[in-house]
Amino acid sequence: MACKNQYHQENGVIWRDVYELKEEIYPHRERAFYSLACNHCENPTCLNVCPVVAYYKRDADGVVVHEQDKCIGCGNCIRSCPYGAPRYNPVLKRAEKCSFCWQRLDDGRKPACVLGCPTDALQIVDLAEFDEANAVQYPAGFPRYPALNPSVSFRLPAMPKMIRRKL
Amino acid sequence: MNINKTAEMLLTADAPPIRVLWISCKNVLSQDFDRPKMLEAFKKPEIIVSVEQFFTQTVELSDIVLPVTTLFEEYTINASYWHYWLSVNEQAIKPMYEAKSNIEIAAALSARMNKLKPGSCTFPTEVDPRQWMIREFNQDIYDLFGIDSWEDLKNGPAKAKMHPASWHDLEFGTPSKKYEFRPDLCAEHGHQALPEFKEARKPYDKLRLLTPHTKFGIHSQFINIDWMAEFNKKPYCYLHPGAARERGISDGDQVRVFNKVGEVELEVKLTENVPADVVMMYEAWFKNNSYNCQSVVDDTSSDMGKYKTGAPGVAIHDQFADVAKV
Ligand code: SF4
Ligand code: SF4
């Protein structure tokens, strides 16, 4: 919602969404979630399939930027991104996706989602330096696409201890 | 009046009876208990005026609706429940269309009443909302928040200089400043000074019904806003798989939650997060959706609450209902 609050995308256009973990992955419904958006992949298929090169990847921080004014709305990126990050804006008839709030980054601020998260579940890290035993690139339920090499890392949730009263 | 029994009060007050209902800063039909009784009660006043930003279920039943300013259109002070922060809300845009702030509406009403019958209303007949806001401050407030002027709040909110924990100074907030095993205060307010066993409210249906607050709103506010609704589209009730099996209910079924008060119809999610003898659904007002949990919550008083708030609370944790597949 911090993202919606920041950009007020058209109704139905969501850049970052929160997905409930299935009970096979985490034993309680609506108690553990992945917050997912564009992964700013090392080898972004969105960029590779765009006929008008409406995407570029920033050298300094790797953010994959979509330039909406160049976009002709062909839908290639929307169809080819296996993470479903680019969405179709039905009003502008063009694609759009998470910008990593690059304008905020350039201004020394955090992205809206990171700023808005009350539990610090979202953080920006430098993947070149980030090294944590419990962190994985592909947690259960998150699609594995090594060819794209998504720039994300997940700290796995600790499994809850079940204490149940006999009913 | 007991504010937790709005419907009952509207129906039974007779010395004098309530002839005009003026509703402001509250969505009575979504927040107050026993909706079926409220629908009856709303037939009683000769005129119902509501001051609102949205077309709520309360507005649907009002004779006159006055559009009120949003936080973007007015100067006001924000002080909230459950935290110590105070902030100033500056007007960002002029009020749109016919919207007026609550204070301006009150002043206009006062002006008209005094024209019809001089002296009939003591509220000022002309107010400037910004001046009115400034008058909400005094030295005590400045001291409490460690500021010199309300204008200091333009730099950011201020936090009350209060300790967040009780007993931090090794004193309790009791008259004796000690832990009281036999509090006279309790006895003075109609309770037993010494604890005694009291039987809980007897279940009148098969499942305990819980209607807590949702993370997506405050009572009926915010849930209706388009961009919030993207993440919380519609209401659900939550039921234990065991309770569902007994009733032939599967995950995602459309169900009725019903009791002696009334019923609601919605989709069910099965989860062991709720005990087997509980049905849970959130208090909410969704846009273009008639869902209302108060259709199955009655207004029976709880035993405590009068000392702090002037009226006993409502036994919202002792409500009962059953669920059936539609
Ligand atoms: S997640 Fe999809 S949209 Fe984002 S960089 Fe990777 S391929 Fe492109
Ligand atoms: S929809 Fe726009 S950004 Fe995506 S591939 Fe087509 S032109 Fe490029």
For the stretch A:5-15, give me each residue that is modelled with pLDDT of 95 or more and not in a loop (DSSP other than H, G, I, E, B).
A:Gln6, A:Tyr7
Mind checking which residues of the stretch B:194-220 are in contact (Cβ under 8 Å) with a residue 40 or more places away in the chain and in a strand (DSSP E or B)?
B:Leu207, B:Arg208, B:Leu209, B:Leu210
For A:His40, only one of the following conditions fails: (1) within 13 Å of ligand 1 (Cβ to nearest atom); (2) at negative phi. What is its number?
(2)
Across (1) surrounded by 21 or more Cβ atoms within 10 Å (Cβ to Cβ); (2) in contact with a helix residue (DSSP H, G or I) (Cβ under 9 Å, 6 or more places away or on another chain); (3) under 25 Å from B:Phe231 (Cβ atoms), B:Thr271 clears everything bar (1)
Failed item in (1) within 14 Å of ligand 1 (Cβ to nearest atom); (2) within 14 Å of chain B (Cβ to nearest Cβ), with A:Cys117 passing the rest:
(1)
Looking at the stretch A:60-84, which of the residues that are surrounded by 18 or more Cβ atoms within 10 Å (Cβ to Cβ) and within 7 Å of ligand 2 (Cβ to nearest atom) is farthest from the other protein chains (Cβ to nearest Cβ)?
A:Asn76
From A:Leu21, A:Leu122, A:Leu92, which residue is among the aliphatic types (A, V, I, L, M) and within 16 Å of ligand 2 (Cβ to nearest atom)?
A:Leu92
Name the residue, out of B:Leu61, B:Leu29, B:Leu21, that is touching a helix residue (DSSP H, G or I) at 6+ places or on another chain (Cβ under 6 Å) and touching a residue at least 24 places away in the same chain (Cβ under 8 Å).
B:Leu29
Is at least one residue of the stretch B:119-127 under 30 Å from B:Asp152 (Cα atoms), surrounded by fewer than 18 Cβ atoms within 10 Å (Cβ to Cβ) and touching a Phe, Trp or Tyr at 6+ places or on another chain (Cβ under 6 Å)?
no
Count of residues meeting criterion [within 19 Å of B:Arg256 (Cα to Cα) and polar (S, T, N, Q)] in the stretch B:289-326
6
Evaluation of A:Val13 against (1) under 20 Å from A:Arg155 (Cβ atoms); (2) within 11 Å of chain B (Cβ to nearest Cβ) (one fails), failing number
(1)
Out of everything in the stretch A:27-59 that is part of a loop (DSSP other than H, G, I, E, B) and of a type in the set (Val, Ile, Thr), what residue ends up being farthest from the other protein chains (Cβ to nearest Cβ)?
A:Val53
Mind checking whether some residue in the stretch A:16-26 is in a loop (DSSP other than H, G, I, E, B), crowded, with 19+ Cβ neighbours inside 10 Å and either without any contact (Cβ under 8 Å) to a residue 24 or more places away in the chain or within 11 Å of chain B (Cβ to nearest Cβ) (or both)?
yes
Go through the stretch B:268-307 and give me each residue that's within 14 Å of chain A (Cβ to nearest Cβ) and either more than 21 Å from B:His240 (Cβ to Cβ) or not in a loop (DSSP other than H, G, I, E, B) (or both).
B:Val268, B:Lys269, B:Leu270, B:Val278, B:Met280, B:Met281, B:Lys287, B:Asn288
Would you mind telling me which numbered condition in (1) in contact (Cβ under 8 Å) with a residue 60 or more places away in the chain; (2) among the polar types (S, T, N, Q); (3) over 28 Å from B:Asn232 (Cα atoms) A:Asn76 fails?
(1)
All positions within the stretch A:85-123 that are loosely packed, with under 13 Cβ neighbours inside 10 Å and under 15 Å from the mean Cα position of the chain (by Cα)
A:Gln123
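This table checks each residue for (1) in contact with an Asp or Glu (Cβ under 8 Å, 6 or more places away or on another chain); (2) within 15 Å of ligand 1 (Cβ to nearest atom); (3) within 24 Å of A:Asp120 (Cβ to Cβ).
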{"residue": "A:Lys4", "(1), (2), (3)": "yes, no, yes"}
{"residue": "A:Tyr19", "(1), (2), (3)": "no, yes, yes"}
{"residue": "A:Lys22", "(1), (2), (3)": "no, no, no"}
{"residue": "A:Ala60", "(1), (2), (3)": "no, no, no"}
{"residue": "A:Gln68", "(1), (2), (3)": "yes, yes, no"}
{"residue": "A:Tyr83", "(1), (2), (3)": "no, yes, yes"}
{"residue": "A:Arg87", "(1), (2), (3)": "yes, yes, no"}
{"residue": "A:Arg94", "(1), (2), (3)": "no, yes, no"}
State all residues of the stretch B:223-246 that are more than 10 Å from every other protein chain (Cβ to nearest Cβ), part of a loop (DSSP other than H, G, I, E, B) and buried (at least 17 other Cβ atoms within 10 Å of the Cβ); if no residue qualifies, say none.
B:Ile223, B:Asn224, B:Pro235
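The values are calculated or read from the model by the stated rules, or taken from the named source; none is laboratory data. Because the structure is predicted, anything quoted here is derived from the model rather than measured. For neighbour counting, all protein chains shown are included, and Cβ atoms are generated from backbone atoms with ideal geometry for every residue, glycine included.
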